[in-house]
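Below is one structure, written out as structure tokens; the observations come after it.
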Amino acid sequence: MTVLQTARQKSWGLHLGVIALLFLLQFVLPEYHHGNFSRIMVLACFAMGYNILFGYTGMLSLGHALFFAAGLYGMGMSMHHLGWPAEAALLAGGIAGVVAAFGVGVLALRTTGVAFMIVTLMFAQAGYLTILYFGDYTRGDEGFVIAAAERIFLGFELTDPSFRYGAALILFAVMVVVTLRLVQSGFGHVLVAIRENEERTRMLGYDIQRHKLIAMVISGGMAGLAGAAYGLLFGYVGASFASVQYSIFPLLWVLLGGAGTVLGPLIGTLFMFYLIDWSSDITTAYMLIAGVALVLLTLFAPQGLAGTLRQKLVRWLP
């Protein structure tokens, strides 16, 4: 057995072990943390989508709130205005994320570097303002609630905490498997090559723009599916999820957990979620505590928690 095969076996064992651990946690977590972990797993899926573009391809986007909101509203408006069942609405949300990512990618990938970052931010802000402008349909800042009776997926009532946790875990597990397969494939290796040295990768004959566009579509589709699942599981659709902070959040989660690692998004989301939760119990200036912790972490673990672990101990971590 080659070193590469051994590393891949260890990697699959670790990630499947994390999924199994999350499955077992639902039986021992208190009610409050049980609900938190459902939310964290869905948000971690959003961060995993962002990680494909930023962590593996090296493209800094500030517009991923657009894709998350596209999935959220694609699902929510299908149910609220068209009366679609949850299964079709979830699919519509995922497709909305893919379509939005393709449209933005075709235009934004004409730029690079800081210009790409600004262009994606402007697209996200345009999406946010569009939601507010068509408030008669989207309900703007107020948003709308999806009735509990409509939140039934394949016969399971997602208002039930156990089913909600299970649905979030299934989504997370699928995202982990897809991401792991992607980064271990030839296509994933090309994305990493683009991140490390775009010009050399182009000289080797790879179509850089095509790979970037596919990476953006995959990233947007994952973010859109996460947005659709979030609205379906927690029963709310609102413009706040399209605001600039939801473009910053996945960047922070990925940086904290470790950009370019499969488990980094989960670790970063979990860390940030409970850091803010704990800080808010101490003071109203909870963002000050969170900010200091983030600065210290950035100074002493610049590659993120999982990234530092890979650098120092577990070099086979993907």
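Screening residue 222 on (1) in contact with a Leu (Cβ under 9 Å, 6 or more places away or on another chain); (2) under 16 Å from residue 55 (Cβ atoms) shows it passes everything except condition (1). There is no residue in region 103-117 that is modelled with pLDDT of 95 or more, among the basic types (Lys, Arg) and either assigned to a loop (DSSP other than H, G, I, E, B) or under 27 Å from residue 169 (Cβ atoms) (or both).
For region 186-199, the count of residues that are β-branched (Val, Ile, Thr), closer than 30 Å to residue 127 by Cα, assigned to a helix (DSSP H, G or I) and under 17 Å from the mean Cα position of the chain (by Cα) is zero. Scanning region 220-241 for residues that are over 15 Å from residue 80 (Cβ atoms) and either free of Cβ contacts under 8 Å to residues at least 24 places away in the same chain or not in a helix (DSSP H, G or I) (or both) yields a count of 0.
Under the condition of being within 17 Å of residue 108 (Cβ to Cβ) and surrounded by 15 or more Cβ atoms within 10 Å (Cβ to Cβ), the residues counted in region 196-215 number 7. Filter region 152-166 down to the residues that are out of contact with any Leu (no Cβ under 6 Å at 6 or more places or on another chain) and of a type in the set (A, V, I, L, M) and list them by number. Answer for region 152-166, where residues must be out of contact with any Leu (no Cβ under 6 Å at 6 or more places or on another chain) and of a type in the set (A, V, I, L, M): 152, 154.
Listed by first and then second residue, the pairs with beta-carbon distance under 6 Å, at least 6 apart or on different chains, first residue in region 87-100 and in contact (Cβ under 8 Å) with a residue 60 or more places away in the chain, second hydroxyl-bearing (Ser, Thr, Tyr) and in a helix (DSSP H, G or I), are 89/78; 92/78. Residues in region 130-146 that are under 22 Å from the mean Cα position of the chain (by Cα) and of a type outside the set (Val, Ile, Thr): 1 in all.
Pairs linking a residue in region 247-273 that is under 23 Å from residue 128 (Cβ atoms) to a residue that is assigned to a loop (DSSP other than H, G, I, E, B), with Cβ atoms under 6 Å and 6 or more positions apart or on different chains, are 247/62; 247/63. I need the full set of residues from region 114-139 which are small (Gly, Ala, Ser) and within 28 Å of residue 216 (Cβ to Cβ), in order please. Across region 114-139, the qualifying residues are 115, 124, 126, 127. The C-beta contact set for region 50-68 (first residue among the charged types (D, E, K, R), second residue surrounded by 24 or more Cβ atoms within 10 Å (Cβ to Cβ) and assigned to a helix (DSSP H, G or I), distance under 7 angstrom, 6+ apart or interchain) is empty.
Remark: pairs (first residue in region 173-198, hydroxyl-bearing (Ser, Thr, Tyr); second residue modelled with pLDDT of 95 or more; Cβ separation under 8 Å; 6+ apart in sequence or on different chains) = 179/48; 179/51; 179/52. When restricted to residues that are outside any helix (DSSP H, G or I) and exposed (fewer than 11 other Cβ atoms within 10 Å of the Cβ), region 266-318 contains 4.
Applying the criterion of being farther than 20 Å from residue 218 by Cβ and of a type in the set (Ser, Thr, Tyr) to the residues of region 61-110, the residue that is surrounded by the fewest Cβ atoms within 10 Å (Cβ to Cβ) is 78. If you scan region 150-172, which residues turn out to be out of contact with any strand residue (DSSP E or B) (no Cβ under 9 Å at 6 or more places or on another chain) and without any contact (Cβ under 8 Å) to a residue 24 or more places away in the chain? Hits for region 150-172 are 155, 156, 157, 160, 170.
The values are calculated or read from the model by the stated rules, or taken from the named source; none is laboratory data. Just so it is clear, the model here is predicted, and its values are computed rather than measured. Cβ atoms come from the backbone with ideal geometry, glycine included; neighbour counts cover every protein chain shown.
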